[in-house]
Amino acid sequence: MSTRAALAVASECAPLVKTGGLADVVGALPAALAGQGWALRTLLPGYPAVMRALGKARPAAAFDDLLGTKARVLAGKAAGLDLLVLDAPALFERPGGPYLTQEGRDWPDNDRRFAALSLAAARIAVRGADGWRPELLHLHDWQAGLVPVYLRALGSRLPCLFSIHNIAFHGLTPASRLKALALPKAGFAIDGFEYYGQISALKAGLTGAQAIATVSPGYARELMTPAFGMGLEGVLQARAGDLHGILNGIDTEAWNPATDPAIAPFRGPAGKEENRARLCAEFGLERGTGPLAAVVSRLSGQKGLDLLLTALPGFLAQGGRLVLLGSGERALENAWLAAAAANPDRVSVRIGYDEALSHRIYAGADAVLVPSRFEPCGLTQLYALRYGALPVVARVGGLADTVIHANEAALSAGVATGIVHDTESVPALADALAQLCQLWQDKHAFRRLQRNAMKHPVGWDASAPRYGALYAALADASPAEPP
Ligand code: ADP
Ligand code: GLC
């Protein structure tokens, strides 16, 4: 099979820089697509962590003026990924996170930072870098949304696939920034990137790309409704024929309970016991007379963890225990810390971001709770399945697409992998937790569910060919580019 070239453009990529599932997916797609005949290079901002990981690199392109700053593109490898890194110190060499200052506020120049990333991507695609040019661009979320606009401005019709990982983030900036971001005035229109008088990088991607992907079939349907489209449902309805819902997978090597160096490795539910005991000890929790549930999550309204706080007392009264690892909104962090303080032996909360601890939690927990209000795909429930922690999830987006609810039919057919409950409802969540407690009491039956969960396919085997076919269709349909 001959190999074809594609450029992925993203603001995060695991294991180099990660704030959520976007990074995992951007980090996993190159390996998944290699088997489909596509060689991906990933363009990332030169954040300090990325520059450090890159180590020895070759200069691949240079820009004297990239939205007012000097920048270069470096080519190299890190963590098995073929990278192009935008080395623009004025934009990316700073402490804090990819989007936020150390105090947790958006960087005031985020519009320019990611417009520069997008402009660099377009220039690389058109003029080449490192003696290389892609046939196709795969753009991830609003940070890469302006790429099609810059490509057109450079006279290119190279095909773009725009992936929606989370439509909640629009990348909005005032219309007065058109000139500073080198955006063509003509694009500032209802069928372009104008959104209620502002510039929307997300809408630029949605209207400018030849095709749109999102991370589950369920979310693809939801996105076209007012309840989930976040104001862009009309744009998505208009592009329904170009919208593809393709389920995320996970990296089943990095997440393999049989070989994971962060845990006591195991091949079946019985092997979780040791990890459970260690987790209880690490968090100072009583072993309990009910299930040990866990949450690993960004703390934001999306995740529904305020609903869980309300349902928590009933769960604890049934002998349940809870471990939470997360960070995000201050009010939620404080509310969870207060819940832990009020129930010291039964609830334990760790505020922060800790990848190794997340592995120990998936390995030791009996269940992982994901009561999201909306969830484009969700990866935590996939890690939970793989590690035999039963997912208890809201019936929404990718959660509903990946967990088989333990109703009577599924239980008697022996196919259930978790518990699925109505979304945004405390009574429904409380019922789901009660069902979890009840299932847990029958050790034999619970182990059977855990075995089902661990057997459920969560890798890229089903989705990689779909991406491969979509890439090929887009690239084959595009007119030849001038040399
Ligand atoms: P989202 O991308 O919306 O945050 P996902 O479920 O797709 O949700 O992905 C979340 C990813 O981030 C998972 O890999 C999860 O394990 C990880 N994660 C979230 N919060 C933390 C944390 N505090 N520490 C370690 N990993 C975390
Ligand atoms: C987003 C979504 C999450 C999804 C992830 C990777 O962060 O919130 O549901 O799994 O992107 O696609």
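Some notes on this structure:
- Residue in region 357-376 that is nearest to GLY301 (Cα to Cα), counting only those that are touching an Asp or Glu at 6+ places or on another chain (Cβ under 8 Å) and within 13 Å of ligand 2 (Cβ to nearest atom): ARG373
- Put simply, of VAL347, VAL415 the only residue that is open to solvent by less than 10 Å² (accessible area, probe 1.4 Å), in contact with a helix residue (DSSP H, G or I) (Cβ under 9 Å, 6 or more places away or on another chain) and either assigned by TED's automatic domain parsing to the domain that holds VAL215 or more than 22 Å from ASP24 (Cα to Cα) (or both) is VAL347.
- Filter result (more than 15 Å from LEU83 (Cβ to Cβ), more than 8 Å from ligand 1 (Cβ to nearest atom), open to solvent by less than 20 Å² (accessible area, probe 1.4 Å) and in a loop (DSSP other than H, G, I, E, B)) within region 6-37: GLY37
For (1) in a helix (DSSP H, G or I); (2) at positive phi; (3) out of contact with any Phe, Trp or Tyr (no Cβ under 8 Å at 6 or more places or on another chain); (4) not β-branched (Val, Ile, Thr), each residue gets a yes or a no:
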{"residue": "LEU236", "(1), (2), (3), (4)": "yes, no, yes, yes"}
{"residue": "ALA258", "(1), (2), (3), (4)": "no, no, no, yes"}
{"residue": "PRO261", "(1), (2), (3), (4)": "no, no, yes, yes"}
{"residue": "PHE266", "(1), (2), (3), (4)": "no, no, yes, yes"}
{"residue": "GLU273", "(1), (2), (3), (4)": "yes, no, yes, yes"}
{"residue": "ALA277", "(1), (2), (3), (4)": "yes, no, yes, yes"}
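- Test: residue in region 307-316 that is out of contact with any Ser or Thr (no Cβ under 8 Å at 6 or more places or on another chain), of a type in the set (A, V, I, L, M, F, W, C) and under 21 Å from LEU357 (Cα atoms): no
- Neighbours by Cβ (under 8 Å, 6+ apart or cross-chain): first from region 163-177, closer than 10 Å to LEU202 by Cβ and in the same structural domain as GLY187 (by TED's automatic domain parsing); second of a type in the set (Val, Ile, Thr) and within 12 Å of ligand 1 (Cβ to nearest atom): ILE164/VAL215
- Residue that is nearest to ligand 1 (Cβ to nearest atom) [pool: residues in region 188-221 that are open to solvent by 20 Å² or more (accessible area, probe 1.4 Å) and assigned to a helix (DSSP H, G or I)]: PRO217
- Given (1) over 20 Å from ASP109 (Cβ atoms); (2) touching a Ser or Thr at 6+ places or on another chain (Cβ under 8 Å); (3) touching a residue at least 24 places away in the same chain (Cβ under 8 Å), number of the condition ALA129 does not satisfy: (2)
- Just so you know, in region 350-369 the residues that are of a type in the set (Val, Ile, Thr) and open to solvent by less than 10 Å² (accessible area, probe 1.4 Å) include one that is nearest to ARG276 (Cα to Cα), and it is ILE361.
- Filtered residues of region 445-478 (kept if open to solvent by 30 Å² or more (accessible area, probe 1.4 Å) and among the hydroxyl-bearing types (Ser, Thr, Tyr)): SER478
- Check on PRO48, surrounded by fewer than 23 Cβ atoms within 10 Å (Cβ to Cβ), within 16 Å of ligand 2 (Cβ to nearest atom) and in contact (Cβ under 8 Å) with a residue 24 or more places away in the chain: no
- Residue selection: LYS56 fails the criterion of being in contact with a helix residue (DSSP H, G or I) (Cβ under 9 Å, 6 or more places away or on another chain), away from ligand 2 (no atom under 16 Å from the Cβ) and open to solvent by 20 Å² or more (accessible area, probe 1.4 Å).
- Taking each residue of region 77-100 that is farther than 17 Å from THR42 by Cβ and looking for partners that are of a type in the set (Gly, Ala, Ser) with beta-carbon atoms closer than 6 Å, six or more apart or interchain, yields LEU91/ALA116.
- Scanning region 391-419 for residues that are within 16 Å of ligand 1 (Cβ to nearest atom) and over 24 Å from HIS244 (Cα atoms) yields PRO391, VAL392, GLY418.
- Checked against the criteria, GLY326 does not count as modelled with pLDDT of 95 or more and in contact with a Gly (Cβ under 7 Å, 6 or more places away or on another chain).
The values are calculated or read from the model by the stated rules, or taken from the named source; none is laboratory data. This is a predicted model, so every value here is computed, not measured. In this analysis, Cβ positions are derived from the backbone assuming ideal geometry, glycine residues included, and neighbour counts consider all displayed protein chains. In case anyone asks, the SASA skips ligands and DNA or RNA and just uses the protein heavy atoms, side chains included. Shrake-Rupley method; radii C 1.70, N 1.55, O 1.52, S 1.80 Å.
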